[in-house]
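First comes the structure, then the notes that go with it.
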Amino acid sequence: MKEEILNIPTPFGEPLILYKNRWGPEGGESLSIVSGLQGDRLNGLMVASRLSRFLNDVESGKETGYQIRGTIQIFPVVNYKAWETGNPIWNFDSQDVDLTFPGTGVGELTETICNTVIRHTAESDYGIILQTGERHYEDAPHIKLIEPNRKRRNFARSLGLPIGREVAESPSLVLSLAKQWDQIGLHPFILSAGKPQIYHPQYSDLLLDGIINFMRTNGLLSHNRENSSQREMAFFDAHSECPVLTRQAGLFYPEPVNGTVVEKGSKLGEVRDLYEGAVLEEVHAPEKGYVVTLREHPMVHEKELVGILLREKNQRWFWPFG
Amino acid sequence: MNTQTLLSRASPLGAPLNIVKQTFPAHQGKPVQRVSFVSGLHGDEFEGLYLCHRLIQALRQIQETQPEVFKGEVHIIPAANPPALNQGTRLWPFYGSDMNRMMGPHPGASIPVQMSREIFNHLKECSDLVVDIHASNLHLKELPQIRIIEEFSEELLPLALQTHTDIVWIHPMAGVFESTLGYNLNKLNIPTLVIETGTGLRIEPGFVDRLFHGMIRLLHHQGILASLPSDIPSAPTPQVVYPREVAQTSAKHSGLFVSQASLGQRVGEDEIIGQVLDPVRGVVLEEVTAPGNGLLFTLREQPAVHSGTLLARVALDRKPKS
């Protein structure tokens with residue numbers, strides 16, 4: 001059911017209205033799913049829409065066998081003004097929404113929006129944020145975890161993505177939705193796949209399937225015949241991250257290695273001169289690892305980040321029977 | 001004066017990305033103290049660049065005519081974020097990153113993260129005192145002021161008083177400060193004064209004049225300059241305001257804010273300082289009144305406002321102690 005959660009008049013036009021969708025009875029397990037924190041992250045928006053249709057179909061009996069057991073909320077769009085422009089942020093205030101939580105009840109527009117999302121999700125048990133890689137980068141599908149204790153890693157496993165990755169603590173993390181959720185007692189999971197501005201149907205399928213499995217595993221959704229499946233996930237702590245930098249400035253041509261394990265010394269791409277096309281440098285993996293992020297935009301400075309490897313020596317497996 | 005390229009990255013397009021520092025060393029022997037000035041972390045704030053220009057010009061002249069006056073060392077980084085300054089944007093343009101939200105321990109390896117980290121580490125190594133100069137954003141105009149987080153006030157207030165800004169505002173800590181240059185240097189016991197003045201993308205020469213005089217006085221007070229140049233006028237002591245001594249007023253309606261007050265004027269409680277208008281229907285939505293008796297030190301510049309938008313701050317007159 002679509003519900004209005006915020007209605008603010010704009011100075012010169014129609015009001016800004018934010019919505020959430022909500023299903024299921026109160027009192028059981030509860031899940032909030034948020035997408036659209038930035039105005040250019042399409043995968044999350046599409047997954048939110050597809051998931052809403054699925055849950056509407058479950059509610060109306062079109063998806064036979066399924067039953068909604070807990071409370072599920074979806075917040076498809078948060079940074080409404082950024083979505084109007086297709087930019088990650090609203091140019092009017094240059095404010096990254098995911099550096100503005102918990103916001104304030106009465107304040108600037110972005111702060112009010114953030115506070116509204118916090119108020120509407122605070123009672124949930126679980127929170128899922130749908131994301132992509134940062135600007136100019138593509139992420140292989142993975143789950144980011146804050147304070148990844150064993151319980152959280154087990155929950156994450158049911159999301160069905162092959163990789164779990166700890167989010168490193170930093171001073172600015174406290175202003176993010178995930179950290180705020182963590183501090184008020186939700187289990188937060190950030191699902192990242194793909195890149196900004198691009199809709200990736202296969203990743204969308206993967207995320208949709210994973211979230212439905214998560215809901216079934218954790219008592220939010222049931223099916224009268226099929227059981228949910230427990231899945232395996234390789235988990236990497238924050239010390240596993242190995243950034244790969246260029247030595248030269250130029251145009252970066254990546255190899256198709258994102259989402260694969262590469263050996264030490266494997267070629268990740270090369271840097272060519274913008275004006276003459278000559279190869280300036282081959283970029284190699286400094287260690288064996290899983291390529292979780294790869295540069296998309298070709299223009300790179302000297303010492304520019306072109307990839308992130310997750311080192312295998314810090315990996316721990318979470319098996320279905322673990 | 002020694003000119004040093006503090007940080008440099010080759011660019012794919014040709015011209016390298018350089019951050020430049022000017023240094024005025026002590027005339028003889030070990031410096032009594034090392035002070036660093038930094039401005040332009042946000043690329044839409046030009047007041048600090050002009051202030052740095054004034055300081056470099058004056059210190060160079062002193063060095064040429066009275067080198068023996070230099071007992072300490074002065075470092076000046078006038079343009080800490082050249083890509084953003086060249087675009088006139090608050091954020092590092094290619095990544096949309098806020099350099100003043102990446103200070104202290106911050107993960108990642110993008111170029112803005114690397115630059116922020118290197119500036120931070122450099123200031124940490126070469127400074128006993130830092131002055132971080134900011135203008136306001138594009139929306140507000142501020143009287144020259146120094147802002148101090150409460151926990152650092154004991155050490156910073158005596159220094160701030162030397163600068164003769166209009167206001168020294170001691171305010172509570174908030175999450176947003178945790179990743180700023182000022183907070184992180186102060187946490188490392190490197191006293192750091194944060195200046196806010198004027199408005200984004202503009203220069204108020206009168207404000208910068210006062211700050212320039214204040215900074216020269218500060219250098220003299222710290223013993224870096226053995227004598228005070230004769231052309232530095234005296235100035236009144238700043239008004240020090242504590243958290244409960246700042247009152248603010250916000251818009252109750254969305255519309256067009258038209259100010260009827262001037263920054264720096266004394267206002268009385270409930271005095272009308274502006275209106276919020278509906279220009280489409282031609283009606284006055286709201287008379288905006290001062291929230292208390294005192295000095296109007298913040299005033300909205302950008303007229304488009306949503307309900308909740310900050311319009312003005314007043315440094316309240318202290319009630320006489322009975």
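Would you please name the residue that is nearest to residue B:167 (Cα to Cα), looking only at residues in segment B:275-291 that are out of contact with any Asp or Glu (no Cβ under 8 Å at 6 or more places or on another chain) and crowded, with 17+ Cβ neighbours inside 10 Å?
If we take residues in segment B:275-291 being out of contact with any Asp or Glu (no Cβ under 8 Å at 6 or more places or on another chain) and crowded, with 17+ Cβ neighbours inside 10 Å, then B:288 is nearest to residue B:167 (Cα to Cα).
Within segment A:83-106, which residues are surrounded by fewer than 20 Cβ atoms within 10 Å (Cβ to Cβ) and on the phi > 0 side of the Ramachandran plot?
Those that are surrounded by fewer than 20 Cβ atoms within 10 Å (Cβ to Cβ) and on the phi > 0 side of the Ramachandran plot: A:86, A:94.
Does segment A:289-302 contain any residue that is away from every other protein chain (no Cβ under 12 Å), at pLDDT 95 or above and touching a helix residue (DSSP H, G or I) at 6+ places or on another chain (Cβ under 9 Å)? It would help to see each step written out before you state the result.
Pass one, segment A:289-302, residues away from every other protein chain (no Cβ under 12 Å): A:289-292, A:294, A:296.
If we keep only those that are at pLDDT 95 or above too, we end up with A:289-292, A:294, A:296.
Checking the rest, the ones that are also touching a helix residue (DSSP H, G or I) at 6+ places or on another chain (Cβ under 9 Å) come to A:289-290.
The answer is yes; a qualifying residue exists.
Which count do you get for residues in segment A:26-35 that are modelled with pLDDT of 95 or more and more than 20 Å from the chain's Cα centre (by Cα)? Reasoning before the result, please.
Initially, segment A:26-35 is screened for residues modelled with pLDDT of 95 or more, giving A:29-35.
Among the residues that remain, those that are also more than 20 Å from the chain's Cα centre (by Cα) are: A:29.
Number of matching residues: 1.
Determine whether residue A:273 is within 30 Å of residue A:117 (Cβ to Cβ) and either hydroxyl-bearing (Ser, Thr, Tyr) or at pLDDT 95 or above (or both).
Values: within 30 Å of residue A:117 (Cβ to Cβ): no; either hydroxyl-bearing (Ser, Thr, Tyr) or at pLDDT 95 or above (or both): yes.
It is false that residue A:273 is within 30 Å of residue A:117 (Cβ to Cβ) and either hydroxyl-bearing (Ser, Thr, Tyr) or at pLDDT 95 or above (or both).
For segment A:73-106, give me the residue count where each residue is under 19 Å from residue A:175 (Cα atoms) and part of a strand (DSSP E or B).
Qualifying residue count, segment A:73-106: 3.
If you go through segment A:265-307 one residue at a time, how many are surrounded by fewer than 20 Cβ atoms within 10 Å (Cβ to Cβ), closer than 16 Å to residue A:255 by Cα and in contact with a Pro (Cβ under 7 Å, 6 or more places away or on another chain)?
Count: 1.
Tally up the residues in segment B:113-158 that are within 13 Å of chain A (Cβ to nearest Cβ), surrounded by fewer than 22 Cβ atoms within 10 Å (Cβ to Cβ) and over 15 Å from the mean Cα position of the chain (by Cα), please.
The qualifying residues number 6.
Would you point out the residue of segment A:156-176, among those that are hydrophobic (A, V, I, L, M, F, W, C) and touching a strand residue (DSSP E or B) at 6+ places or on another chain (Cβ under 6 Å), that is surrounded by the most Cβ atoms within 10 Å (Cβ to Cβ)?
Our first condition is that a residue be hydrophobic (A, V, I, L, M, F, W, C); within segment A:156-176, this holds for A:156, A:159, A:161, A:163, A:167-168, A:173-175.
From what's left, touching a strand residue (DSSP E or B) at 6+ places or on another chain (Cβ under 6 Å): A:156, A:159, A:161, A:163, A:167.
Working: A:156: 27, A:159: 24, A:161: 23, A:163: 21, A:167: 19.
In this case the residue turns out to be A:156.
Restricting attention to segment A:17-39, and to residues there that are touching a Pro at 6+ places or on another chain (Cβ under 8 Å) and surrounded by fewer than 22 Cβ atoms within 10 Å (Cβ to Cβ), which single residue is farthest from residue B:253 (Cα to Cα)?
Within segment A:17-39, the match that is farthest from residue B:253 (Cα to Cα) is A:21.
If you check every pair at least six apart or on different chains, which have Cβ atoms under 6 Å apart with a residue in segment A:238-266 that is of a type in the set (D, E, K, R) first and a residue that is in a loop (DSSP other than H, G, I, E, B) second?
Listed by first residue and then by second, the contacts come to A:263/A:288; A:264/A:285; A:264/A:287; A:264/A:288.
Can you name the residue in segment A:121-169 that is hydroxyl-bearing (Ser, Thr, Tyr) and assigned to a strand (DSSP E or B) and, of all such residues, is farthest from residue A:204 (Cα to Cα)? Working first, answer last.
As a first pass, look at segment A:121-169 and keep what is hydroxyl-bearing (Ser, Thr, Tyr): A:121, A:124, A:126, A:132, A:137, A:158.
After this cut, where a residue has to be assigned to a strand (DSSP E or B) as well, the list is A:126, A:137.
On the way: A:126: 20, A:137: 17 Å.
Looking at residues that are hydroxyl-bearing (Ser, Thr, Tyr) and assigned to a strand (DSSP E or B), I get A:126.
Table: residues versus (1) within 14 Å of another protein chain (Cβ to nearest Cβ); (2) of a type in the set (Ser, Thr, Tyr).
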{"residue": "A:201", "(1), (2)": "no, no"}
{"residue": "A:204", "(1), (2)": "no, yes"}
{"residue": "A:209", "(1), (2)": "no, no"}
{"residue": "A:218", "(1), (2)": "no, no"}
{"residue": "A:224", "(1), (2)": "no, no"}
{"residue": "A:227", "(1), (2)": "no, no"}
{"residue": "A:239", "(1), (2)": "yes, no"}
{"residue": "A:243", "(1), (2)": "yes, no"}
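Hey, residue B:165 hits all of (1) within 14 Å of chain A (Cβ to nearest Cβ); (2) of a type in the set (S, T, N, Q); (3) touching a Lys or Arg at 6+ places or on another chain (Cβ under 9 Å) but one; which does it fall short on?
(1)
Out of the residues in segment A:9-50 meeting the condition of being within 14 Å of another protein chain (Cβ to nearest Cβ) and β-branched (Val, Ile, Thr), tell me which one is farthest from residue A:210 (Cα to Cα). Spell out the reasoning first.
Going residue by residue through segment A:9-50, those that are within 14 Å of another protein chain (Cβ to nearest Cβ) are A:9-18, A:37-41.
Then keep just the ones that are β-branched (Val, Ile, Thr); that gives A:10, A:17.
Details: A:10: 38, A:17: 29 Å.
Going through the qualifying residues, I end up with A:10.
Which of the residues spanning segment A:170-190 are β-branched (Val, Ile, Thr) and within 10 Å of chain B (Cβ to nearest Cβ)? Talk me through it step by step, then tell me what you get.
Taking segment A:170-190 first, the residues β-branched (Val, Ile, Thr) are A:174, A:184, A:190.
Residue satisfying the conditions is A:174 alone.
For residues that are more than 19 Å from residue B:51 (Cβ to Cβ) and touching a Ser or Thr at 6+ places or on another chain (Cβ under 8 Å), tally how many sit in segment B:157-175. Quick ask: steps written out before the conclusion?
Looking only at segment B:157-175, we keep the residues that are more than 19 Å from residue B:51 (Cβ to Cβ), and these are B:157-158, B:170-175.
After this cut, where a residue has to be touching a Ser or Thr at 6+ places or on another chain (Cβ under 8 Å) as well, the list is B:170.
Of the residues in segment B:157-175, 1 are more than 19 Å from residue B:51 (Cβ to Cβ) and touching a Ser or Thr at 6+ places or on another chain (Cβ under 8 Å).
Just to check your reading of the model, which residue among B:292, B:223, B:308 is part of a loop (DSSP other than H, G, I, E, B), in contact (Cβ under 8 Å) with a residue 12 or more places away in the chain and within 11 Å of chain A (Cβ to nearest Cβ)? Walk me through how you get there before you give the answer.
On the way: B:292 fails: within 11 Å of chain A (Cβ to nearest Cβ); B:223 fails: within 11 Å of chain A (Cβ to nearest Cβ).
Within the list B:292, B:223, B:308, the selection yields B:308.
Exactly one condition in (1) away from chain A (no Cβ under 14 Å); (2) free of Cβ contacts under 8 Å to residues at least 12 places away in the same chain; (3) not aliphatic (A, V, I, L, M) is not met by residue B:108; state its number.
Result: residue B:108 fails condition (1) only.
Residue B:51 fails exactly one of the following numbered conditions: (1) outside any loop (DSSP other than H, G, I, E, B); (2) away from chain A (no Cβ under 14 Å); (3) under 23 Å from residue B:121 (Cβ atoms). What is the number of that condition?
Just one mismatch for residue B:51, condition (3).
Can you give me the ranges of the strands (runs of 3 or more DSSP E) entirely in segment A:206-322 with at least 1 residues that are of a type in the set (Ser, Thr, Tyr)? Please lay out each step first, then the result.
Numbers: elements: A:221-223, A:233-236, A:241-245, A:250-254, A:267-272, A:279-284, A:289-295, A:305-311, A:315-318.
Where strands (runs of 3 or more DSSP E) fall fully within segment A:206-322 and carry at least 1 residues being of a type in the set (Ser, Thr, Tyr), they are A:221-223, A:250-254, A:289-295.
Residues of segment B:251-289 being among the aliphatic types (A, V, I, L, M) and either over 25 Å from residue A:112 (Cα atoms) or not in a strand (DSSP E or B) (or both), which ones? Break it down stepwise before answering.
Taking segment B:251-289 first, the residues among the aliphatic types (A, V, I, L, M) are B:251, B:256, B:258, B:261, B:263, B:267, B:272-273, B:276-277, B:280, B:283-285, B:288.
Answer for segment B:251-289, where residues must be among the aliphatic types (A, V, I, L, M) and either over 25 Å from residue A:112 (Cα atoms) or not in a strand (DSSP E or B) (or both): B:251, B:261, B:263, B:267, B:272, B:280, B:283.
Checking the condition within 13 Å of chain A (Cβ to nearest Cβ), surrounded by fewer than 18 Cβ atoms within 10 Å (Cβ to Cβ), out of contact with any Asp or Glu (no Cβ under 9 Å at 6 or more places or on another chain) and over 27 Å from residue B:213 (Cα atoms), which residue from B:93, B:83, B:16 passes?
Working: B:83 fails: surrounded by fewer than 18 Cβ atoms within 10 Å (Cβ to Cβ); B:16 fails: out of contact with any Asp or Glu (no Cβ under 9 Å at 6 or more places or on another chain).
Checking each option against the conditions leaves just B:93.
The values are calculated or read from the model by the stated rules, or taken from the named source; none is laboratory data. In this text, all values refer to a predicted model and were calculated from it rather than measured experimentally. Don't worry about glycine lacking a Cβ; one is built from the backbone with ideal geometry, like all the others, and counts go over all protein chains shown.
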